[in-house]
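First up is the structure itself, then whatever we jot down about it.
The values are calculated or read from the model by the stated rules, or taken from the named source; none is laboratory data. These figures come from a predicted structure and were not determined experimentally. Because the Cβ atoms are built from the backbone with ideal geometry, glycine has one as well, and the counts that use them run over all protein chains shown.
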Amino acid sequence: MLETPLTPIEIGLTAAIVAVEGDEPAILVAGDLVAGDSVTRDGGKDEPRAGLPFGPFDPLTHRTFEIGLRAWVEAQTGLTVGYVEQLYTFGDRGRHARPGDTGAHMVSIGYLALTRRPENVTPLRAAGAGFEPWYRFFPWEDWREQRPKILDATILPLLGEWAGRSDRPEPGRALGRRERLRLCFGEGGGLWDEEKILDRYELLYEAGLVEEARRDGRQAALARPKLPVLGEPMRLDHRRILATAIARLRAKLKYRPVVFELMAQEFTLTEIQRTVEAISGRHLHKQNFRRLVESAALVEPTGEMSTATGGRPAALFRFRREVAQERPSAGLRFGGRS
């Protein structure tokens, strides 16, 4: 009886570290590549891309995955993170392997981390890291000012063409392409759900419309003479991990007070609203949002005023920590978008 050779597996740790400054949500991008963390382009030339902080898990050094993650983040970026939660395990064969590669298969555990952007950025720069706007990677997700032009100009026509090639559900799927397009992108009278960012990215990947699909050898991408520019690609499957992190954070805003992990100790109601809008990618009605904050009893006044608003002084508030003990679901349940 022939024995099937075992494929060695290594465990990696990848962090999507989010901060908000002003009106801009940002993701921490690591500069230097760690061993094996590179992409082979046509011609066999390694070309680094924007990537998330990443490193292998060392069970002899790191007692837990989270300890290992924090150690890698600090080593690669000089940043100490606060709030951290595990997202998902990413293990597609192509994420670290080249054609014909017989080396260890890398499985990466993704994490979401929230932090306040440090005033001293010297350690970040010294590590070759920095915060970059996350809508640079997902430009179709920012609806704060208007419906993103890239949707009607590029994405929906190409997805419509792709969906039109097959009206029936594909093997293993309950819904056909057009149904999935409507659910993910609100096409044909559907609703745009800001939490479905991962579903939208996966649909673009399946249709062969993002650079990562070509790099991974997807036939739909290879069949296209030229791919559209749909946001900036990232190394490996880091854009998929980032989409997963944004989706988790957008959902969690509605049932946990995680927004305050990104705020200063004292803030105005306008600053809270702009932070929530930045993360969710949508505009919120000012008075409705303030009523929502008040009814949720998430904040309390400090008795001080801020004069840094550029207009009339605004009352300062702080997070009311008791709310975490008062009820299990303490978030900002703003409604959906039509």
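Residue under question is Ala278, and the condition is that it be in the same structural domain as Glu119 (by TED's automatic domain parsing), within 18 Å of the chain's Cα centre (by Cα) and surrounded by 16 or more Cβ atoms within 10 Å (Cβ to Cβ); does it hold?
It is false that Ala278 is in the same structural domain as Glu119 (by TED's automatic domain parsing), within 18 Å of the chain's Cα centre (by Cα) and surrounded by 16 or more Cβ atoms within 10 Å (Cβ to Cβ).
So Arg182 passes all but one of these: (1) free of Cβ contacts under 8 Å to residues at least 60 places away in the same chain; (2) touching a helix residue (DSSP H, G or I) at 6+ places or on another chain (Cβ under 7 Å); (3) in a helix (DSSP H, G or I). Which condition number does it fail?
Of (1) free of Cβ contacts under 8 Å to residues at least 60 places away in the same chain; (2) touching a helix residue (DSSP H, G or I) at 6+ places or on another chain (Cβ under 7 Å); (3) in a helix (DSSP H, G or I), only one is false for Arg182: (2).
Confirm whether Lys254 is over 25 Å from Thr302 (Cβ atoms) and crowded, with 18+ Cβ neighbours inside 10 Å.
No.
Out of the residues in segment 283-298 that are touching a helix residue (DSSP H, G or I) at 6+ places or on another chain (Cβ under 6 Å) and buried (at least 17 other Cβ atoms within 10 Å of the Cβ), state the one that is modelled with the lowest pLDDT.
Leu298
Being among the hydrophobic types (A, V, I, L, M, F, W, C), exposed (fewer than 13 other Cβ atoms within 10 Å of the Cβ) and either in contact with a strand residue (DSSP E or B) (Cβ under 7 Å, 6 or more places away or on another chain) or in contact (Cβ under 8 Å) with a residue 60 or more places away in the chain (or both) narrows it down to one residue among Ala264, Ala308; which is it?
Going through Ala264, Ala308 in turn, the sole match is Ala264.
Against the condition part of a loop (DSSP other than H, G, I, E, B), touching a Ser or Thr at 6+ places or on another chain (Cβ under 6 Å), over 18 Å from Asp199 (Cβ atoms) and modelled with pLDDT under 95, how does Arg116 come out, does it pass?
For Arg116, the condition - part of a loop (DSSP other than H, G, I, E, B), touching a Ser or Thr at 6+ places or on another chain (Cβ under 6 Å), over 18 Å from Asp199 (Cβ atoms) and modelled with pLDDT under 95 - is not met.
Taking segment 214-269 on its own, how many of its residues are in a loop (DSSP other than H, G, I, E, B) and under 18 Å from the mean Cα position of the chain (by Cα)?
11
Any idea how many residues of segment 126-165 are assigned to a loop (DSSP other than H, G, I, E, B) and among the polar types (S, T, N, Q)?
Total meeting the criteria: 1.
Kindly provide the set of residues from segment 222-246 that are of a type in the set (Gly, Ala, Ser), touching a helix residue (DSSP H, G or I) at 6+ places or on another chain (Cβ under 6 Å) and crowded, with 21+ Cβ neighbours inside 10 Å, ordered by number.
Ala243
Cβ contacts < 7 Å: first residue assigned by TED's automatic domain parsing to the domain that holds Ala129, restricted to segment 59-79; second residue exposed (fewer than 15 other Cβ atoms within 10 Å of the Cβ) and small (Gly, Ala, Ser), any location; separation 6+ or different chain. Result?
Short answer, once both residue conditions are applied: Gly78/Ala126.
So which of Thr244, Thr307 is assigned by TED's automatic domain parsing to the domain that holds Pro53 and over 18 Å from Arg116 (Cα atoms)?
Only one candidate passes the filter, namely Thr244.
Looking only at residues in segment 322-332 that are surrounded by fewer than 12 Cβ atoms within 10 Å (Cβ to Cβ) and part of a loop (DSSP other than H, G, I, E, B), which one is modelled with the highest pLDDT?
Glu322
Could you go through segment 57-70 and let me know if any residue there is surrounded by fewer than 23 Cβ atoms within 10 Å (Cβ to Cβ), in contact with a Ser or Thr (Cβ under 9 Å, 6 or more places away or on another chain) and at pLDDT below 85.
no
Please list, ordered by first then second residue, the pairs with beta carbon atoms under 7 Å, 6 or more apart or interchain, first in segment 9-24 and touching a residue at least 12 places away in the same chain (Cβ under 8 Å), second outside any strand (DSSP E or B) and polar (S, T, N, Q).
Final answer for the pair search is Ile17/Thr115; Ala19/Thr115; Val20/Thr275.
If the requirement is being surrounded by fewer than 16 Cβ atoms within 10 Å (Cβ to Cβ), in contact (Cβ under 8 Å) with a residue 12 or more places away in the chain and within 24 Å of the chain's Cα centre (by Cα), which of these qualifies: Glu141, Glu194, Glu145?
Glu145
Checking Tyr135 against (1) over 28 Å from Phe90 (Cα atoms); (2) modelled with pLDDT of 95 or more, which test does it fail?
(1)
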